[in-house]
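Structure first, commentary second.
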Amino acid sequence: MNLALLGPSGVGKGTHAVELATRYQLRHLATGDLLRQNLQARNALGLLARRYMEHGDLVPDEVIDAMIEEWVGRQPASLGSLFDGFPRTADQVRFLDELLQGLGRRLDAVIYLRLDDDAIVERLTGRQICRSCQTPYHHRARPPKLAGWFDHCGGELYRRPDDTEEMTRTRLRVFHRTTEPILSHYADVGKLLIVSGAGSVGDVAQRLDVAVKAIAAGTAQ
Ligand code: AP5
């Protein structure tokens with residue numbers, strides 16, 4: 001099974017993707033996390049990506065496509081993939097289709113996690129992330145037991161520089177302008193499932209589990 005989990009910034013993709021990938025034995029690729037790893041390593045790709053990420057813009061397609069190709073090539077053919085935050089543009093849609101086709105695979109479904117913009121701003125301005133394992137927390141909705149530190153791996157929690165209200169609204173505008181049209185494309189080809197991102201983390205996890213079970217069983221509508 002190859003799935004994509006899409007949705008606006010802060011809807012909860014990262015919160016749910018790791019658990020979904022573990023439960024359904026999928027390899028998880030979050031393009032945002034991969035870009036931030038390059039940024040931390042201060043390599044050429046990271047330095048290039050920073051210029052766009054700092055402004056809430058999308059990183060150019062050719063950079064993302066090369067990163068995806070390299071990642072997919074390293075994955076065992078027997079395992080499916082969960083693409084988190086990819087594809088986000090029409091070019092990335094075409095690239096992924098061709099890449100998977102060349103490997104004799106295909107994208108089975110795209111899950112669109114949906115939430116309104118004001119709820120997104122509330123979530124992102126309260127987000128804290130573990131520096132070691134990237135798990136997202138929220139200082140009200142999902143507080144750590146010890147302020148500033150991640151419960152499980154003991155990593156330090158930090159705030160992403162693009163999690164201000166202004167930057168969040170910019171990223172939302174980019175999502176509405178560029179990524180929403182590709183969701184219509186996936187609806188047209190019968191691959192889109194819409195799941196509400198509203199409610200508690202547990203509620204959303206349950207809805208996602210129902211959706212992925214239906215995709216796996218071939219009964220998703
Ligand atoms: P990326 O890192 O992918 O950021 P994003 O898409 O803006 O998404 P986020 O990671 O911010 O949010 P999320 O949906 O994972 O939410 P989370 O689970 O953390 O991308 C960063 C940048 O990289 C982009 O701006 C772009 O420049 C570049 N980029 C990445 N991919 C690209 C691509 N394909 N093409 C081009 N450029 C690309 O949850 C948010 C908060 O809410 C957390 O605090 C969490 O604890 C809390 N929360 C989650 N669920 C709930 C709930 N149900 N109730 C209450 N709180 C909740």
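Under 5 Å between amide hydrogens, built in the peptide plane, is the criterion, and for Asp84 it picks out Leu5, Leu29, Ala30, Thr31 among residues at least 5 positions away or on other chains. Residues in region 34-48 carry Karplus couplings, in order, of 5, 5, 5, 5, 5, 5, 5, 6, 6, 8, 4, 5, x, 5, 5 Hz; the curve used is 6.51 cos²θ - 1.76 cosθ + 1.60 with θ = phi - 60°, and Gly or Pro positions show x.
At an R0 of 22 angstrom, the distance between the Cβ atoms of Trp71 and His185 translates into a FRET efficiency of 0.45.
Rounded to the nearest Hz, the phi-derived 3J(HN,Hα) couplings of region 154-165 under the Karplus curve 6.51 cos²θ - 1.76 cosθ + 1.60 (θ = phi - 60°) are x, x, 6, 8, 9, 9, 5, x, 8, 9, 7, 4, where x marks glycine and proline. When DSSP assigns beta bridges and you keep just the ones with both residues in the chain, what percent turn out antiparallel, to the nearest 5? Close to 30 percent. Remark: spin-label model distance Gln40-Ser200 equals 3.1 nm, labels positioned 7 Å along the Cα→Cβ axis. Annotation: amide H of Leu26 has no partner in the under-5 Å range at sequence separation 5 or more or interchain, hydrogens built in the peptide plane. Normalised by the number of residues in region 79-221, the average gap of Cα pairs under 8 Å and 6 or more apart makes the relative contact order 27 percent. Placing pseudo-labels 7 Å out from each Cα toward the beta carbon at Asp33 and Cys153 gives an inter-label distance of 0.8 nm. Subtracting the Cα-Cα distance of His176 and Asp117 from 0.36 nm times their residue separation leaves 20.2 nm of extension gain. Once the 1.4 Å probe is applied to the protein heavy atoms, the chain comes out at 51 Å² accessible per residue.
Among His139, His16, His152, the largest mean-square fluctuation in a Gaussian network model of the chain (Cα springs under 10 Å) belongs to His152.
Working note: Karplus 6.51/-1.76/1.60 with θ = phi - 60° gives region 3-19 the couplings 10, 10, 10, 10, x, x, 3, x, 6, x, 4, x, 4, 9, 4, 5, 5 Hz, where Gly and Pro are set to x.
The values are calculated or read from the model by the stated rules, or taken from the named source; none is laboratory data. Nothing here was measured: the structure is a model prediction, and the numbers come from that model. Here Cβ is always computed from backbone atoms with ideal geometry, including for glycine, and neighbour counts include all displayed protein chains. The area values use the complete protein model at the heavy-atom level, side chains included, leaving out ligands, DNA and RNA. Shrake-Rupley method; radii C 1.70, N 1.55, O 1.52, S 1.80 Å.
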